[in-house]
């Protein structure tokens, strides 16, 4: 049986301090015939000079784009591999990750997506915490993103079948993609092995914009499934109360504020109040179940 071909795609913008580590983690995988393309959005830092230093070991283009999903889509269009590895310009692969993933794809031709474990790492590559990946279940995926994007790999056929990344989602582009694939019947396989490091620091796109992220998650869920799971409504409510209403966790107003925000979120996105929302918010108010640090993130 012929070996599967792999294309790695990296979207990039002003990540010159990290992108060399990202590239090295890809090129050191030792996979035969690896095709590597970097789509840079016109960086103004040292990114382009770093890319040029790798010569013909990779291909890149530096030009304005419509954001991260657009860059990934362009990269996929520029490549031909049967397996697509999408790695952002501040993340890294672990040693042997691609080979381990390829073995799963080669043994299981019905599998469309392979994903594994990952760690959150800091700017110096030091371990922060493990990403909460777990075996695949669509209901669980709807409640929380159990797939860490840099540790996920997919066959090109899923792009041909389900389409590219949706440009409307700038924060939840990967989460929406996994949900769209799963909703359409794509086969996911969890590989219990550390495959990637996902960099987490204050300047990352999602870490400094929790309320915006949670609002987009709810918009995306309503668009994809027609309703938002209650957990995401509560997560949004917590972010709203903390960031916009500026009510501290230990305040006597925190519990009623989150309950009110949850009710409002349910009315906004789900056009009503489910029995679960009514029971949960009533329980918070009557039994004081929200304590400092105990609510959803």
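Side notes on the structure shown:
- Test: residue 255 is surrounded by 14 or more Cβ atoms within 10 Å (Cβ to Cβ), at pLDDT below 95 and out of contact with any strand residue (DSSP E or B) (no Cβ under 7 Å at 6 or more places or on another chain): yes
- Only one entry of 262, 207 meets the criterion of being modelled with pLDDT under 95 and either surrounded by 20 or more Cβ atoms within 10 Å (Cβ to Cβ) or closer than 22 Å to residue 120 by Cβ (or both), and that entry is 207.
- Note on region 59-125: enclosed strands (runs of 3 or more DSSP E) holding 1 or more residues that are surrounded by fewer than 21 Cβ atoms within 10 Å (Cβ to Cβ) and under 15 Å from the mean Cα position of the chain (by Cα) are 113-121.
- Residue in region 179-193 that is part of a loop (DSSP other than H, G, I, E, B), over 12 Å from the mean Cα position of the chain (by Cα) and under 24 Å from residue 264 (Cα atoms) present: no
- Residue 174 vs. criteria over 19 Å from residue 225 (Cα atoms) and touching a helix residue (DSSP H, G or I) at 6+ places or on another chain (Cβ under 7 Å): no
- Selection status of residue 138, out of contact with any strand residue (DSSP E or B) (no Cβ under 8 Å at 6 or more places or on another chain) and either surrounded by fewer than 21 Cβ atoms within 10 Å (Cβ to Cβ) or modelled with pLDDT of 95 or more (or both): yes
- Count - residues of region 17-35 that are part of a loop (DSSP other than H, G, I, E, B) and either over 18 Å from residue 75 (Cα atoms) or touching a helix residue (DSSP H, G or I) at 6+ places or on another chain (Cβ under 7 Å) (or both): 5
The values are calculated or read from the model by the stated rules, or taken from the named source; none is laboratory data. Computed from a predicted structure; not experimentally measured. Every residue, glycine among them, receives a Cβ derived from its backbone with ideal geometry; neighbour counts consider all protein chains shown.
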